Amino acid sequence: MLPLKEKYNIEPSFYKRYFEQNAKIKFAIQSLKFMWFKEGKFLNPLKKEQILNEFTNEEIENFYLKNKFSIPQIEYAITTRCTLKCSQCNALIPKFNNNCHIIVSLDEFKSNLDKILSDVDMINHFVLLGGEPLLHPNFSEILSYALEQDKINFVRITTNATIIPNQKTLDVLKKYNKKVYFFISNYTSNENLKNIVKPEEIKNTLDKINVKYQFVDSIAWCSEEGFKNEADSDIETTKEKFRTCERVNCTQILNGKIEVCSKASSARELNIIQNDDYVEILSSKNLRDDLINFYKKPYQDACKRCIPIGKTTCEVASQL
């Protein structure tokens, strides 16, 4: 019997970015839910490759036999405002200023999310970030609206640990505490930030309402090299760069447009690159097909000028 990848003649990029990524996200979420809430069944990490292969085949069958389409992960940048100015920010946030900051309105957030959910079967992992998302004046309402959606499986809030959630946000978190968690950036190794970041206070606050979080070891950052002046002369170079890039699964929404990553979306908004290789949510006439084609692409236009993450390490969250 032919492997399903060959049976359906699936393009390598589509297989990796859609089917394999859905399987990886499914494994991660099920593992977290079992560990945190004792929900579902235990997934043996020693059999991870076997389980991922099974999950990937399930996703292929769901797509080709059941006509189901689920977004593996999508990040929604609800604001470009931030409490820090990290010199090596891979989302280029410090380049935004008061003249060009983007702050999504609550109505716009609802409209964009409604349109996406009307055309897909599920968003498996939905990430709210910025900038610093807790700066958004309507953060609690945005969070509540996302958590109310049956077609969103699990929600992550990514924070730089400089803001303790307010009471309105805590009330929402407590209500949906088995559907949401925090990813708290660990910048504690940077001595210059020791009086600014508050990870222990945030963790204690979340513990009181039984909201889970991830707080990983602080590691050195890699240098952010930005973009070249000229595009790659060889398209195979771009394809290889795309194939090996760590950001290709960081699909992001910024200003109503879906891009391959935060670097690409910010660069477009800042006019660093001229790029129309994105999916505009509200103007799309067939968002489902546009998203499928998005996942099938072997590279994005932004990749032609992108300089990959540098190998040179630097201080965590070094400030400008």
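The values are calculated or read from the model by the stated rules, or taken from the named source; none is laboratory data. A quick note: this is a predicted structure, and the numbers were derived from the prediction, not measured. Note that we place each Cβ from the backbone using ideal geometry, even for glycine, and neighbour counts take in every protein chain shown. The protein model used for the area step is the full one, side chains on, heavy atoms only, and it has no ligands, DNA or RNA in it. Shrake-Rupley method; radii C 1.70, N 1.55, O 1.52, S 1.80 Å.
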| field | region 1-79: C-alpha gyration tensor shape, a/c 1.5 cut-off, then a/b vs b/c | value | oblate
| message | Could you work out how much longer the chain between Asn229 and Met35 gets when fully extended? Use 0.36 nm per residue separation minus the Cα distance between them, nm to one decimal. | response | 65.1 nm
| request: Would you mind checking Lys48/Lys285; Lys7/Lys297; Lys38/Lys311; Lys239/Lys263 for any pair whose Cα atoms are more than 28 angstrom apart? | output: Lys48/Lys285; Lys38/Lys311
| request: Would you mind calculating the gained length between Glu200 and Gln319 on full extension (0.36 nm times residue separation, minus the Cα-Cα distance), in nm to one decimal? | output: 40.7 nm
| said: Here is the link list: Lys198/Lys228; Lys68/Lys296; Lys95/Lys168. Which ones come out longer than 25 Å on Cα distance? | reply: Lys198/Lys228; Lys95/Lys168
| said: For a quick check of understanding: with a 1.4 angstrom probe and all protein chains in place, what accessible area in square angstrom does Glu240 have, to the nearest ten? | reply: 80
| task | Would you mind classifying the chain by shape? Square roots of the alpha carbon gyration tensor eigenvalues, ordered a ≥ b ≥ c; an a/c under 1.5 is rounded, otherwise it is prolate if a/b is larger than b/c and oblate if not. | result | rounded
| Kirkwood Rh in Å, taken over all unlike Cα pairs in region 125-215 | 13.3
| said: Placing one identical point scatterer on every Cα of region 150-290 and ignoring solvent, what is log10 I(q)/I(0) from the Debye formula at q = 0.15, 0.16 Å⁻¹? | reply: -1.03, -1.10
| message | Calculate the FRET efficiency for Glu240 and Gln167 from the Cβ-Cβ distance with a Förster distance of 45 Å, rounded to the nearest 0.05. | response | 0.35
| message | For Lys304, give me every one of the aspartates and glutamates with a C-alpha distance below 15 angstrom, ignoring sequence neighbours fewer than eight places off in its own chain. | response | Glu225, Glu230, Asp232, Asp234, Glu236, Glu240, Glu259, Asp276, Asp277
| said: To make sure I understand the rule: partners must be aspartates and glutamates, Cα under 15 Å from the Cα of Lys203, and not fewer than 8 residues away in the same chain. Which ones qualify? | reply: Asp217
| Where does each of Arg268, Arg81 land when they are ordered by accessible area, with a 1.4 Å probe and the largest first? | Arg81, Arg268
| request: Just report the Cα centroid separation between region 89-151 and region 285-320, whole Å. | output: 18
| task | Leaving ligands, DNA and RNA out of it, work out the accessible area of Tyr213 with a 1.4 Å probe and give it in Å² to the nearest 10. | result | 60
| message | How much accessible area per residue does the chain have, counting only protein heavy atoms and a probe of 1.4 Å, in square angstrom? | response | 49
| said: Using the basic label-point model (7 angstrom from Cα toward the beta carbon), what is the Asp121 to Ser284 distance in nanometres? | reply: 1.7
